[in-house]
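Trainee: Can you read through this structure? Questions will come right after.
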Amino acid sequence: MERLIATDDLIKEAEKMGVKFGKGDPYNRIRYYTKMGWLPHMVRKEGKGNFPNWALDRLVMIERLKDKNFSNEDITKKIEESNRFISVKNVLWFPESRIRLVTYISFALLLFIVSSELNVFPIGISKKLLTQSKSGISNQILSSGNSFMPAGSVKIFVKEPETTVTSKIYITFNQNFTPATRYWVSDKIPFKGFYVELDAPTVNNTEFSWWITN
């Protein structure tokens, strides 16, 4: 559990370390800092008000920032940065927090492994697929993707390093490519890609899908 310090002791220790509470009641200054979000809310224990032990360092920090003429807005930003550090520190310092953290990480890792095995979240390079040809010989899909023929064009180059001279490349247009009536792979550039060509320019940008087999 987080160590606590009584409010009276917090004020005394802070004054020893150079914190100035002014001429008014130090408790009012503590309440003001709490309202500003610079200090955590007081914890009641055994009828007394208590603060986390790190509140002492926080008071010293606020005093030093004020001595440097930091505005309240700038102090708030510094406090927010400090709060993030304290949150991480608490997770790493307290055994119960470490146990919860390890449990969550282990569960997430297990879920990730199971999901990967079920192909819910594919890892790295996609798995090669097999297609059955009419001759009964399985063809391996080496790569696939989508592209589009720009409006007014009859030819486009598709970059794909899996391309070889003997590759079988299949094209299917997903949209109307009129006024063209025919399309084909006009050239293959080994290890670079291939050209798709139409017999007439398209009116609109027209999407097509492609895949390569061995």
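Trainee: Quick one: what pairs do we get from region 144-159, first residue surrounded by 13 or more Cβ atoms within 10 Å (Cβ to Cβ), second part of a loop (DSSP other than H, G, I, E, B) and basic (Lys, Arg), C-beta under 7 Å, 6+ apart or different chains?
Mentor: none
Trainee: Only residues that are of a type in the set (Gly, Ala, Ser) and exposed (fewer than 15 other Cβ atoms within 10 Å of the Cβ): list them for region 170-214, please.
Mentor: Of region 170-214, the ones of a type in the set (Gly, Ala, Ser) are 180, 186, 193, 200, 209.
Scanning region 170-214 gives 186, 200, 209.
Trainee: Check every one of the strands (runs of 3 or more DSSP E) wholly within region 1-82 and list those with 1 or more residues that are of a type outside the set (Gly, Ala, Ser), surrounded by 15 or more Cβ atoms within 10 Å (Cβ to Cβ) and within 34 Å of the chain's Cα centre (by Cα). Show your work before the answer.
Mentor: On the way: elements: 4-6, 43-45, 48-52.
Ranges flagged: 48-52.
Trainee: Okay, next question. Please verify whether residue 167 is among the hydroxyl-bearing types (Ser, Thr, Tyr), in contact with a Lys or Arg (Cβ under 7 Å, 6 or more places away or on another chain) and either more than 30 Å from residue 108 (Cβ to Cβ) or at pLDDT 90 or above (or both), treating the condition exactly as stated.
Mentor: On the way: among the hydroxyl-bearing types (Ser, Thr, Tyr): yes; in contact with a Lys or Arg (Cβ under 7 Å, 6 or more places away or on another chain): yes; either more than 30 Å from residue 108 (Cβ to Cβ) or at pLDDT 90 or above (or both): yes.
When the stated conditions are applied, residue 167 passes them.
The values are calculated or read from the model by the stated rules, or taken from the named source; none is laboratory data. Keep in mind that what you see is a predicted model, and the values were worked out from it rather than measured. Every residue, glycine among them, receives a Cβ derived from its backbone with ideal geometry; neighbour counts consider all protein chains shown.
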